[in-house]
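The values are calculated or read from the model by the stated rules, or taken from the named source; none is laboratory data. Note that the structure is a prediction, hence the values are computed from the model and not measured. Backbone-built Cβ (ideal geometry, glycine too); neighbour counts: all protein chains shown. Note: areas computed on protein heavy atoms with side chains; ligands, DNA, RNA excluded. Shrake-Rupley method; radii C 1.70, N 1.55, O 1.52, S 1.80 Å.
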Amino acid sequence: MALLDFEPDEKTLRLERAQNIPILPAPVQEITRAPVPWLWTRVCLIIFSFLWGLGPSAALAERVLVLAAASASTAVQEIAGQVTSQTGFDIRVSAASSGTLARQVSRGAPADLYISASPKWIERLTAEGRLSPVDTKVIARNRLVFVRPLPNDRRLIDLQKPLEVLGTLGDGRLAIGDPAHVPAGTYAQAALENLGLWAAVRDRLAPQANVRAVLAMVERRETALGIVYATDAALSTRVGIAAIVPPEAQPPITYTAAIIAGRRSPGAVALLEALTSEVGRTVLERHGFAVAR
């Protein structure tokens, strides 16, 4: 029997009382209530507090920004990918010359890890308080080579004979990284000076923004010779090695990774440890770097 959807009137009430008929309460309509806002907020806070207790990466995939020297970027990308697959950290690698990246760090760029091909920038940023000294590690070493476009006669140039170097250049220019801010260019200038070639080529240089730009210029046959890292030469199928710079003619070329001050996080620490792990060293060696074992 359906319930009536109205209140009994006064006459009906008096009649029902007289006849001792129980008075039924007015029917109540069912109302679907929305969740109580304060209760929902409390639930969210409890969940967030639980996740935060597990660490920031559990509450939100931690993003790690790495500023890496262009010459190391391919190997660093591979190692970062391995760390991401194992931990879930969202690691991004931004590549440029070490000097360009150092200026970004000095200006407070929101990066977490800096990888430099020159100890000069590491020392300068550490002195500024921008890098964490306890989280700074040498991860690899490299060497310089002269490259030229393929095909060529594959005969190595004798770097002890300036006329042979100039003969290979012809009317072209020598591509190197800009010595003002590109470590590969600074190392190249030092090598040319030590080899007694600087005076002969200093007015015939084609300075580039980073070592990968030097490699690309030679690949496009825009210059007859370029000086790059051995690891960069190994990446290309369009250039060949024209000469190997002797170790005694070049400064030690070291790559250093450092966590930026105030940016130490589980993701940054995981990547730094991976770069110096056995797996990381294997990747670096496969890309042509020398590593300590």
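If the viscosity is 1.002 mPa s and the temperature 20 °C, what translational diffusion coefficient in µm²/s does Stokes-Einstein give for the stretch 101-178 when Rh comes from Kirkwood over Cα pairs? Numbers along the way, then the final one.
On the way: Rh = 16.3 Å.
Translational diffusion coefficient: 132 µm²/s.
Just want to confirm a number: the relative contact order over the stretch 114-217, from Cα pairs under 8 angstrom separated by 6+ residues, in percent. It would help to have the intermediate numbers written out before the result.
Working: 83 pairs, mean separation 24.0, N = 104.
Computed value for the stretch 114-217: 23 percent relative contact order.
Could you look at the stretch 115-267 and say what percent of its accessible area is carbon and sulfur, using a 1.4 Å probe and all protein chains?
Details: 3600 of 6970 Å².
Answer for the stretch 115-267: carbon and sulfur cover 52 percent of the accessible area.
What list of ³J(HN,Hα) couplings, whole Hz, do you get for the stretch 257-267 from phi and the Karplus terms 6.51, -1.76, 1.60, once you set θ to phi - 60° and write x for glycine and proline?
10, 9, 6, 6, 4, x, 10, 5, 8, x, x
Need one word for the stretch 229-273: rounded, prolate or oblate. Basis is the Cα gyration tensor (sqrt eigenvalues a ≥ b ≥ c); a/c below 1.5 gives rounded, then a/b vs b/c decides. Don't skip to the answer; put the middle values down first.
Values: a/c = 5.01, a/b = 2.11, b/c = 2.37.
Oblate, since a/c reaches 1.5 and b/c is not below a/b.
How much accessible area per residue does the stretch 166-235 have, counting only protein heavy atoms and a probe of 1.4 Å, in square angstrom? The partial results should precede the final answer.
Details: 2700 Å² over 70 residues.
It amounts to 39 Å² per residue over the stretch 166-235.
Whose amide H sits under 5 Å from the amide H of residue 208, counting only residues 5 or more places off or on another chain, with H placed in the peptide plane?
Amide H neighbours of residue 208, under 5 Å, 5+ apart: 176, 177, 178.
Rank by packing, highest mean first: peptides 140-149, 204-213, with packing defined as the count of other Cβ atoms within 10 Å averaged across residues.
140-149, 204-213
Specify the inter-centroid distance of the stretch 158-190 and the stretch 194-241, based on alpha-carbon positions, in whole Å.
One Cα centre to the other: 7 Å.
If you stretched the chain out fully between residue 138 and residue 200, how much longer would it get, using 0.36 nm times the residue separation minus the C-alpha to C-alpha distance? List each step's numbers first, then the result.
Details: separation 62, 0.36 × 62 = 22.32 nm, distance 3.45 nm.
Length gained, residue 138 through residue 200: 18.9 nm.
Give the shape of the stretch 163-210 as rounded, prolate or oblate, defined through the alpha-carbon gyration tensor: a ≥ b ≥ c are the square roots of its eigenvalues, a/c under 1.5 means rounded, and otherwise the shape is prolate if a/b is larger than b/c and oblate if not.
Details: a/c = 2.56, a/b = 1.43, b/c = 1.79.
The shape class here is oblate.
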